Amino acid sequence: MRFTHFSVVLTTLIVLSVNSFAQQPFSPADPEYYAMERQQMRFDDQQVMLFNYRGFVCPRQYSMTSFTNVQFLPLSAPNYTFNLNFLDHNTGKLVRDDVPAIWDKWINEGKGEDPLGCNFRSNSSYLMVTQEEKWQPNACFRSGTFHKEIENQWLSFSVRSCTSVSYANDEVFVKLVLKNRKDKPLKLTLIPQQIAGQMNCDGMKGSATPHPVDAFTFGSDQMQARISSDIETISDKGFELTLPQGEYVTVYFAVQFYSANTQAPPIVQKDIQIRMKSADQVTREKLKWAYENVPKLESTNKKLQEYYYRCLLSVLMCRYENPKYITNPFWAVGYWPFTISWDTSYASDVLAMLDPKSLKEAILTDFREVKMKKTYVSWKGAEWENLYIQEPFALQIMIEAYLRHTGDYSLFSEKAGDATVWEWMQRWVTELNTNYRNKEGLMDVGYDTQKIIEIRTDGYNHVVPIVNVLTVHLLYRMSEWAGLLNDGNGNEYLRDADKLRGLMSERLWNEQEGWFDNLYPDGTKEAIWTDHLFDALGTDYLTGSQVNKLVSHLREGEFLGKYGIYSIARKDSVHWDLIDADWGGGGQYAGMPGRISRNLYKQGFPELGWEILKRNMGYIEFFPYLPQNPRTDAPIQDRSSMPLEISAGAGMEAIIFGTFGITIDKERLTIKPNTHEELGISTLRDFKFRGKSYSIQIDKRTFSVSRDGKPIAKKQFGESVVIL
């Protein structure tokens, strides 16, 4: 009896210990921390990305094996779809796993079969039945079942799958774990199914229209796809697999993409499992690297903490290490393979903390490629004669972030194309003065609204207030930098800044509205109620009255909405646009809530800064990473824009520099945190500054600061810790 009692106790302890270990929470360094159920997401299939720093694909909902939207540049096939179907030898029946395609045809065209009527209606197809679907960075886990008695014979098996993409090659991995539930062996043919409208390899000639080559190969004259597996037996239909009764069998597949002039890879490959594990290891290493190189947030407000790290994940998923890109790493705007300085500027402090060398290269790449003519820099170089006038202001923000965190002023002497960074910035000042200054001395961008922001109504053009505010800010900064670099133009920049500042307040400020007006060539004025103007709060050149009146418009029903802010105020009945969400009205560009919040903290409005952050946090219940321009009143991201945006890093920056009150002025670090009722106890650990590590803990009534693990101050809110 003693032995039995001891065995029971020991077994119980072991079970409790195992359960305790299994229930340990994952940290933000683990991909599991970011896991989200697929049905919780407000994304279409083409917006759910499996990404591993080289390219991406999108897993399809309601299928165990299907994925679409292939991009491994120079290879791309946006409408390519892959899945496996299962042919049972005993009944001769095909169990299809292309349910998403069947859904699409039934819903969009009213043709084909209703998937909900399959498996039991006469003459209907047999389909895999979806049970669970979960996403995490570079992994989609899915499970399903098939359980039918067909002509007095049972066909019953389960499927669990994992889909991921490679870091080292242009390939997608699918791991299948199958179980035969019945009492005799189950013989299956796993049949690859591939469909695509176009399969492109940039730079190659020939037709991009694909066609089947054999059971395993599909492609065009430019790009091909080959399905390989570790299953050794193949036929002219697919892969032959026998499942023993009652046992789990694990098999691996690789869908490999390659240019049509390249030799096709072998169909049977025994190392796919190893390659898939290697890809998973890279995903984990990159997340750990990012976690270790930025300040770490721990908070009893778990929503705040998750928001912080989903902002970080959003930035990290914009980092390409593809050797075929013009730079490595290449910081893309998000889903599109372009780098744009304005988008990058919203996350420039994050990049400076995460990888300052890559921020420096992003700055140099912009100067080298854009050449003050072409804002859009693709993975292979600048394209299109389309220039955003935000370029010099965005570059200023990026340079400031780099200098703030590194103190490396040698950046200005770095060569980018035919000029140094400093010479390029001087060229931008000359460009503004020569081609944009009107007779009064104000900045006039002309009629073309695309030079500012792309909205579908006219009026946001000519003398745009924010362009003038940011030009003042740029000129003052150029004057400061000229002094540090012993450049003789500093006084001229200062005089120009003072003059434009005066003109701006005199000609554009509308005291009655508490807003800056647009000014047109005929002398008329109009208030455009755009959140773009709130970028002025990031400068130090407005009067206190102007700041207060601008901020007064950040209120419910005007600019504030359920998940943050409207890009154009609801009261602007002339310009407000429900559909054009990022700058037109009905939504918000991903970076704006964070940037406005950070600037509100800076200007002395911490409660309003927190309010905007708090609203924006609501998106993380629906999005695993933050999209380009979600609607403000609903968690919806349209398909015409991107499901991922690098500017989401602005939310993270608002927490670091706003909520935790960190300010860097050359060699001076000032810490003056804020607290809020919902904030709880929050700690920001390992903020790195000039070779030291600082941690800040916010309690209910006090805050404390540590340096390299040793306490150095404990103070009341409203006080500052200054480190020289």
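Within the range 543-561, the set of residues being within 17 Å of Pro465 (Cα to Cα) and either of a type in the set (A, V, I, L, M) or in a loop (DSSP other than H, G, I, E, B) (or both) comprises Thr543, Val547, Leu550, Val551, His553. Consider Pro635 against the criteria (1) part of a helix (DSSP H, G or I); (2) touching a residue at least 60 places away in the same chain (Cβ under 8 Å); (3) surrounded by fewer than 24 Cβ atoms within 10 Å (Cβ to Cβ): it satisfies all of them except one. Which criterion is unmet? (1) is the only condition that Pro635 fails. Scanning the range 504-526 for residues that are without any contact (Cβ under 8 Å) to a residue 40 or more places away in the chain, of a type outside the set (Phe, Trp, Tyr) and either open to solvent by 40 Å² or more (accessible area, probe 1.4 Å) or in contact with a strand residue (DSSP E or B) (Cβ under 9 Å, 6 or more places away or on another chain) (or both) returns Glu506, Asn510, Glu511, Gln512, Glu513, Asp522, Gly523, Thr524, Lys525. Would a scan of the range 643-662 turn up a residue that is open to solvent by 20 Å² or more (accessible area, probe 1.4 Å), part of a loop (DSSP other than H, G, I, E, B) and either more than 27 Å from Lys692 (Cβ to Cβ) or in contact with a Pro (Cβ under 7 Å, 6 or more places away or on another chain) (or both)? Among the residues of the range 643-662, not one is open to solvent by 20 Å² or more (accessible area, probe 1.4 Å), part of a loop (DSSP other than H, G, I, E, B) and either more than 27 Å from Lys692 (Cβ to Cβ) or in contact with a Pro (Cβ under 7 Å, 6 or more places away or on another chain) (or both), which makes the answer no. For the range 665-685, the set of residues classified as surrounded by fewer than 16 Cβ atoms within 10 Å (Cβ to Cβ) and either polar (S, T, N, Q) or part of a strand (DSSP E or B) (or both) consists of Asp665, Arg668, Thr670, Arg685, listed by residue number. Tyr388 falls short on exactly one of the conditions (1) in a helix (DSSP H, G or I); (2) over 23 Å from Asp202 (Cα atoms); (3) of a type in the set (Ser, Thr, Tyr), and that condition is (1).
Within the range 687-724, the only residue that satisfies the criterion of being of a type in the set (Asp, Glu), surrounded by 12 or more Cβ atoms within 10 Å (Cβ to Cβ) and not in a strand (DSSP E or B) is Asp699. Residues that are of a type in the set (A, V, I, L, M, F, W, C) and open to solvent by 10 Å² or more (accessible area, probe 1.4 Å) within the range 471-503 comprise Leu484, Leu485, Leu494, Leu503, listed in sequence order.
Name the residues in the range 384-423 that are within 27 Å of Tyr335 (Cα to Cα) and either of a type in the set (S, T, N, Q) or modelled with pLDDT under 95 (or both), would you?
Trp384, Glu385, Asn386, Leu387, Tyr388, Ile389, Gln390, Gln396
The single condition from (1) of a type outside the set (S, T, N, Q); (2) over 36 Å from the mean Cα position of the chain (by Cα); (3) not in a helix (DSSP H, G or I) that Arg507 fails is (3).
Residues that are open to solvent by 20 Å² or more (accessible area, probe 1.4 Å), at pLDDT 95 or above and not acidic (Asp, Glu): which strands (runs of 3 or more DSSP E) entirely in the range 28-134 hold 3 or more of them? Full working, then the answer.
Values: elements: 56-59, 67-72, 75-88, 94-96.
Ranges flagged: 75-88.
Of everything listed in (1) under 30 Å from Trp154 (Cα atoms); (2) open to solvent by 20 Å² or more (accessible area, probe 1.4 Å); (3) modelled with pLDDT of 95 or more, the single unmet condition for Val251 is (2).
The values are calculated or read from the model by the stated rules, or taken from the named source; none is laboratory data. Quick caveat: nothing in here was measured; it's all calculated off a predicted structure. FYI the Cβ positions are ideal-geometry reconstructions off the backbone, even for glycines, and counts take in every protein chain you see. What goes into the accessible areas is simple: the full protein's heavy atoms, side chains included, and nothing from ligands, DNA or RNA. Shrake-Rupley method; radii C 1.70, N 1.55, O 1.52, S 1.80 Å.
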